[in-house]
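Input: a single structure, listed below in structure tokens.
The values are calculated or read from the model by the stated rules, or taken from the named source; none is laboratory data. Nothing here was measured: the structure is a model prediction, and the numbers come from that model. Quick reminder, even Gly has a Cβ in these numbers, built from the backbone with ideal geometry, and neighbours come from all protein chains shown. Accessible surface areas use protein heavy atoms only, side chains included; no ligands, DNA or RNA. Shrake-Rupley method; radii C 1.70, N 1.55, O 1.52, S 1.80 Å.
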Amino acid sequence: QAQLEESGGGLVQAGGSLRLSCVASGSIFSINAMGWYRQAPGKQRELVAAITSGGSTNYADSVKGRFTISRSNAKNTVFLQMNSLKPEDTAVYYCNVALTYYSGGSYYTNRYWGQGTQVTVSS
């Protein structure tokens with residue numbers, strides 16, 4: 001099995017920056033896609049950014065040019081650098097990781113969610 005631990009959320013003024021991190025741990029054999037989602041109050045969870053194992057990225061239109069997703073394969077970590085933050089970026093941010101783990105002599109592939117970290121941008 002595997003676990004995800006997020007960090008880096010907080011309160012920031014509009015125009016400021018935050019950097020989110022998400023570390024995967026456990027009996028991990030390989031990590032495939034990694035991504036960040038967010039959910040604002042009263043809204044559905046939405047994809048913010050994603051990165052493949054090969055480093056290809058895609059972003060929601062609302063964050064293009066302001067957010068950058070990256071990963072460290074050596075540290076099983078995905079990052080989200082958020083610049084020029086706006087009040088509408090306020091949400092709980094969740095990391096999502098597709099990985100293969102080893103257990104009991106077999107390999108399994110599953111997707112995991114982090115616990116969520118609050119990002120609040122004040123105007």
Once you list every other residue whose beta carbon is under 13 Å from the beta carbon of Asn32, what net charge do they have if Lys and Arg are +1 and Asp and Glu are -1?
+2
Of the heavy-atom accessible surface of the chain (probe 1.4 angstrom), what whole percent is carbon and sulfur?
47
Note: the chain, point scatterers on Cα, Debye, no solvent; log10 I/I(0) at q = 0.10, 0.13, 0.20 Å⁻¹ equals -0.30, -0.49, -1.05
Excluding ligands, DNA and RNA, what is the solvent-accessible area per residue of the chain at a probe of 1.4 Å, expressed in Å²?
52
Using the Cβ atoms and a cut-off under 15 Å, what net charge is assigned to the surroundings of Phe67, where Lys and Arg are +1 and Asp and Glu are -1?
+2
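Which whole-number percent gives the relative contact order of the chain, counting Cα pairs below 8 Å spaced six or more residues apart? Show your work: numbers first, answer last.
Numbers: 315 pairs, mean separation 44.1, N = 123.
For the chain, the relative contact order is 36 percent.
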Calculated SAXS-style log₁₀ I(q)/I(0) at q = 0.11, 0.13, 0.15 Å⁻¹ - the stretch 27-96, Debye, Cα scatterers:
-0.27, -0.38, -0.49
Computed FRET efficiency, Cβ-Cβ of Lys43 and Gln81, R0 22 Å: what is it to the nearest 0.05?
0.45
Mind checking which lysines have their C-alpha under 23 Å from Lys43, skipping anything on the same chain fewer than 8 residues away?
Lys64, Lys86
